[in-house]
1. Residues of segment 147-164 with amide nitrogen under 11 Å from the 7 Å Cα-to-Cβ point of Leu249?
2. Using the basic label-point model (7 angstrom from Cα toward the beta carbon), what is the Ile41 to His295 distance in nanometres?
3. Give a residue-ordered list of calculated ³J(HN,Hα) values for segment 26-37 (Karplus: 6.51 cos²θ - 1.76 cosθ + 1.60, θ = phi - 60°; whole Hz; x for Gly, Pro).
4. Does segment 295-381 come out rounded, prolate or oblate, given a ≥ b ≥ c as the square roots of the eigenvalues of its C-alpha gyration tensor, rounded meaning a/c under 1.5 and, failing that, prolate meaning a/b above b/c?
5. Report, to the nearest 10°, how far helix 262-293 tilts away from the longest principal axis of the Cα atoms in the chain, using its own Cα long axis and a range of 0 to 90°.
6. Taking Lys48 as the anchor, which aspartates and glutamates have their alpha carbon closer than 15 Å to its alpha carbon, excluding any fewer than eight residues away along the same chain?
7. Quick one: if you stick a label point 7 Å off each Cα along the C-beta vector at Gln99 and Thr327, how many nm between them?
8. When a/c is below 1.5 the answer is rounded, else prolate if a/b is larger than b/c, else oblate, so apply that to segment 59-123 with a ≥ b ≥ c taken from the square roots of the Cα gyration tensor eigenvalues.
Amino acid sequence: MIDIADDVLQELSRGGQGSTACVSIYMPTHRRHPENQQDPIRFKNLAKSALEQVRRSEVFTSEAISLIGSELASLSEDRAFWNHRTDGLAWFYWEGKCQTFDLQQPVDDLVVVADSLHLKPLIRATQSADRYHVLALTRNSAKLFTGTKDRLDEVHIAEVPGTIEEALGEELTEPHLSAASYGGSGQTMFHGHGSKDDEVDKDRDRFFRVISATIEKHWSNPSQLPLVLVALAEHHPHFRRFSKDRFLLEEGVQKDPASMKPDELRASDWEVMRQRIDSQVVAFVSRFGNAQADHKGSAIVSDVAREAANGRVELFLLEEDAKLPGTVNWDTGEITENTLSDPPVDDVLDDLAEMVISRGGRVRILHAGSLQTASKVGAIYRY
């Protein structure tokens, strides 16, 4: 899973807190051969280290140790899995469950065995303000992508059909027509009897209606990310007529996605998103400034920590290069500052990000210098 919705992060945060036995593994991965040949070997070494720590610990049951060992060994030997990776990987165990996430940016090798999941690299990788979604739509197919400035990766949502046949099944108006009747270019070639323009258009509209509804429910609403529509100009008004997705952008790419190469698709999408993301960051900063002026926000880390512990932080803004050595008491918000003896773990600001998410707030990582605060953070309170 590349695209990780806020509610998934909340589940991980809440699931890991209060548990006595959690395992977190991170590592960079590679998309292409021959670089990816070393990925399963690297994971196997990290898995070995994790399992050794688990066995030395006194909090894991024998059943948990057996499950962790079995899951790690199985993943290490899964050739199909390692042949199709992105730029980073996160693997977690907590409360008898194991879960793996793909990341769109590299992360450092890291194994943490503790009483909570270590989510800091995951949050950093998934909460960047430049994330967005893409729907590449033709008359007979729909492909979904998650993107950033530098990456565009196809994702598969089980509830969203990929073709008109999957969406409509036996309800296709003309099931005996060949696939050529629904060409991605929009040029219709008819074969067989009963092949009329209006019948094919009815299927198109019903397909678009299914796609718009399932994407809104299972993709846009959970992630709350902007959605760019890539389709022929003639398909835009038809799809938008059915879509109630509040995250669908008015701007889109009016080209046939079936004829676009991956780099062309990414460049076209990013051109739509670039100015919007800049505007979004300006809006975040402006909203924070207004909240601060109304005493409903703060850039003082100790104040933010106290309000985060009380569940009052609605939005936590954090510049990508911000760091503060130390730890946070999750019950009181009290900060203990120290040297950054273990940089991947002992960071107050990352702890605050985890805390905010676990209490139903949102986190957004901004580019360095965006906030223009000495602390490089800003929090907006709920009340």
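1. Within reach of a label on Leu249, which here means backbone N under 11 Å from a point 7 Å along Cα→Cβ, segment 147-164 contributes 147-149.
2. Going from the Ile41 label point to the His295 one covers 6.2 nm.
3. Residue by residue, segment 26-37 yields 10, 6, x, 10, 10, 8, 10, 7, x, 4, 6, 5 Hz.
4. Note, shape of segment 295-381 comes out oblate.
5. That works out to roughly 50 degrees.
6. Result set, ordered by chain and number: Asp39, Glu71, Glu77, Asp109.
7. Here the modelled spin labels are 2.5 nm apart.
8. Because a/c hits 1.5 or more and a/b fails to exceed b/c, segment 59-123 counts as oblate.
None of the figures in this text is laboratory data; all of them are computed from the coordinates on show. Since this is a predicted model, take the numbers as computed values, not measurements. We place every Cβ from the backbone using ideal geometry, glycine too, and count neighbours over all the protein chains shown.
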